[in-house]
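Participant: Mind having a look at this structure? Questions to follow.
The values are calculated or read from the model by the stated rules, or taken from the named source; none is laboratory data. Please read all numbers here as calculations on a predicted model, not as lab measurements. Neighbour counts run over all protein chains shown; Cβ positions are idealised from the backbone, glycine included.
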Amino acid sequence: MLRNMKFNTKVIHGGQQHDPSTGAVMPPIYHTSTFAQSSPGVHTGYEYSRADNPTRTALEHALESIENGARGLAFSSGLAAIDCVMRLLKPNDEVIAMDDLYGGTYRLFTKFYQDLGIKFHFINMNDLDLFQSKINNQTKLVWIETPTNPLMKLADIVAIAKITKEKNILFAVDNTFATPYLQKPLDLGADIVMHSATKYLGGHSDVIAGALVIRDEELGKLLHFTQFATGATLGPQESFLVLRGIKTLHLRVERHCYNGQKVAEYLEQHPLIDKVLYPGLPSHPQHDLAKKQMTKGFGGMVSFTFKTGAKADAIKFLENLKVFTLAESLGGVESLANHPALMTHASIPAEKRAEIGVTDDMVRLSVGVEDIDDLIADIEQALK
């Protein structure tokens, strides 16, 4: 295998080998729970599929390759991947997290781990003075999303990593929105990258999966043991689907970026629209950071609000869409539309949503890879 492969080659060949028994180009789906041993404890490296499965191993090697990590782990969902990291913590440990998080992450932190004695600080991570003021001897983890869901806020990974390294604090980045095609947090100083692989990595809205990619081999071993001991592993069928999706990641994300930019530009000039949140727009307050950190584009996620500020206008728009589908999730080839306050972020209390800016008139679009003219036409007719 070539050393120093470019990303577009890595997604196809990185960490992969042809099946040794048949020469199959794609790894087989090993639908087996257990593996034969020649003598007690003597085996080929596989004992039981909760610990390791060859199809999942192929996916995990692909994850390591595209994120430039030492260890990849595939989970039964994105939240299962987050949960695995949280199990490193003990009562009275503290976590600093962005104030704008996916609702499921916020729910896991506040409804489960907070009750187990973990203290959370949800803050604006762009205020580095505030961030440093929250650090103490109990701070064990910093958790960010960049861009965030759904406000499309960015955090400066390099700046945060410099602080966490000095303080010996674990630093994890949810890279779901950006994908490794656009942004590589481990290269920028993070310790752990997390993905809801349901989204862009899988890319076809046909699988629920999560992933961790870890910079340090020893930490990777610890997290693998935690995964094995708690059981949230990804099955072979789902592993195959994510691995297949990764092979076209570069092609899909390139089109997502192109369409996302065009949709954002259209919405920004529309007389009914107030704010358009998209890192690729010069009007985005962190556009310069986006250009530095997201090296090949700005993704396919666009959020916007109405000048009326009316929840009814958002709902009417969503009900009128023909090409976009009103549905949870994101990152598939098809365009999806979402009302965060009623759907993905409903688990966040209304007062907290209002505080961070997730208003009742906000719409979030996952712009797919359809023809851009059809997507613009659909938005245009839905706004009438």
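Yes/no matrix, rows are residues, columns are (1) hydrophobic (A, V, I, L, M, F, W, C); (2) closer than 23 Å to T55 by Cα:
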residue: Y200; (1), (2): no, yes
residue: A232; (1), (2): yes, yes
residue: Q237; (1), (2): no, yes
residue: L243; (1), (2): yes, yes
residue: Q261; (1), (2): no, no
residue: L267; (1), (2): yes, no
residue: L272; (1), (2): yes, no
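Participant: With (1) of a type outside the set (D, E, K, R); (2) farther than 24 Å from F75 by Cα; (3) surrounded by 14 or more Cβ atoms within 10 Å (Cβ to Cβ); (4) more than 24 Å from the chain's Cα centre (by Cα) as the list, and M5 as the residue in question, which single condition is left unmet?
Facilitator: Failed condition: (4).
Participant: Which of (1) polar (S, T, N, Q); (2) surrounded by 15 or more Cβ atoms within 10 Å (Cβ to Cβ); (3) more than 24 Å from the chain's Cα centre (by Cα) is the odd one out, the single condition Q16 does not satisfy?
Facilitator: All conditions pass for Q16, except number (3).
Participant: If we keep just the residues of segment 331-352 that are in contact with a Gly (Cβ under 8 Å, 6 or more places away or on another chain) and among the aliphatic types (A, V, I, L, M), which is nearest to E254 (Cα to Cα)?
Facilitator: Out of the qualifying residues, it is V333.
Participant: Looking only at residues that are outside any helix (DSSP H, G or I) and basic (K, R) in segment 258-298, which one is farthest from K153 (Cα to Cα)?
Facilitator: The residue in question is K296.
Participant: Among (1) touching a residue at least 60 places away in the same chain (Cβ under 8 Å); (2) out of contact with any His (no Cβ under 9 Å at 6 or more places or on another chain); (3) of a type outside the set (A, V, I, L, M, F, W, C), where does H43 come up short?
Facilitator: (1)
Participant: Tell me whether segment 186-208 contains one or more residues that are among the hydroxyl-bearing types (S, T, Y), over 22 Å from A232 (Cβ atoms) and touching a residue at least 24 places away in the same chain (Cβ under 8 Å).
Facilitator: Within segment 186-208 (the criterion being among the hydroxyl-bearing types (S, T, Y), over 22 Å from A232 (Cβ atoms) and touching a residue at least 24 places away in the same chain (Cβ under 8 Å)), the answer is no, since none of the residues qualifies.
Participant: Y48 fails exactly one of the following numbered conditions: (1) touching a Ser or Thr at 6+ places or on another chain (Cβ under 6 Å); (2) farther than 30 Å from W143 by Cα; (3) in contact (Cβ under 8 Å) with a residue 60 or more places away in the chain. What is the number of that condition?
Facilitator: (3)
Participant: Another one. I need a count of the residues in segment 282-324 that are among the polar types (S, T, N, Q) and buried (at least 17 other Cβ atoms within 10 Å of the Cβ).
Facilitator: 4
Participant: Touching a His at 6+ places or on another chain (Cβ under 8 Å) and either part of a helix (DSSP H, G or I) or in the same structural domain as D127 (by TED's automatic domain parsing) (or both) - does that describe any residue in segment 342-355?
Facilitator: Yes, segment 342-355 has at least one match.
Participant: Kindly indicate whether L318 is in contact with a strand residue (DSSP E or B) (Cβ under 8 Å, 6 or more places away or on another chain), at pLDDT 95 or above and either among the β-branched types (V, I, T) or in a helix (DSSP H, G or I) (or both).
Facilitator: yes
Participant: Let me ask something else about it. Filter segment 29-46 for residues that are modelled with pLDDT under 95 and under 33 Å from the mean Cα position of the chain (by Cα) and give the result.
Facilitator: Of everything in segment 29-46, those that are modelled with pLDDT under 95 and under 33 Å from the mean Cα position of the chain (by Cα) turn out to be G45, Y46.
Participant: So which of Y181, Y200 is surrounded by 24 or more Cβ atoms within 10 Å (Cβ to Cβ), out of contact with any strand residue (DSSP E or B) (no Cβ under 8 Å at 6 or more places or on another chain), assigned to a loop (DSSP other than H, G, I, E, B) and modelled with pLDDT of 95 or more?
Facilitator: Y200
Participant: Hey, among G220, G210, G280, G235, which residue is on the phi < 0 side of the Ramachandran plot and under 17 Å from the mean Cα position of the chain (by Cα)?
Facilitator: So the residue among G220, G210, G280, G235 that is on the phi < 0 side of the Ramachandran plot and under 17 Å from the mean Cα position of the chain (by Cα) is G210.
Participant: Next question, about the same structure. List every residue pair whose Cβ atoms lie under 7 Å apart, where the two residues are 6 or more positions apart in sequence or sit on different chains, the first residue falls within segment 283-312 and is among the charged types (D, E, K, R), and the second residue, located anywhere, is surrounded by 13 or more Cβ atoms within 10 Å (Cβ to Cβ) and in a loop (DSSP other than H, G, I, E, B).
Facilitator: So the pair list comes out as K307/L272; K311/D360; K311/D361.
Participant: When you scan segment 89-116, how many residues do you find that are more than 19 Å from the chain's Cα centre (by Cα) and either in a helix (DSSP H, G or I) or outside the structural domain of V173 (by TED's automatic domain parsing) (or both)?
Facilitator: Residues in segment 89-116 being more than 19 Å from the chain's Cα centre (by Cα) and either in a helix (DSSP H, G or I) or outside the structural domain of V173 (by TED's automatic domain parsing) (or both): 7 in total.
Participant: On to the next question. Taking segment 28-40, which residues are touching a residue at least 12 places away in the same chain (Cβ under 8 Å) and either buried (at least 16 other Cβ atoms within 10 Å of the Cβ) or out of contact with any strand residue (DSSP E or B) (no Cβ under 9 Å at 6 or more places or on another chain) (or both)?
Facilitator: P28, I29, Y30, H31, T32, F35
Participant: State which residue is surrounded by the fewest Cβ atoms within 10 Å (Cβ to Cβ) when the search covers only segment 117-153 and only residues that are part of a helix (DSSP H, G or I) and touching a residue at least 24 places away in the same chain (Cβ under 8 Å).
Facilitator: Per the stated criteria, the residue is Q132.
Participant: For the subset of segment 78-116 comprising residues that are without any contact (Cβ under 8 Å) to a residue 60 or more places away in the chain and of a type in the set (S, T, N, Q), which member is surrounded by the fewest Cβ atoms within 10 Å (Cβ to Cβ)?
Facilitator: Of everything passing the filter in segment 78-116, N92 is surrounded by the fewest Cβ atoms within 10 Å (Cβ to Cβ).
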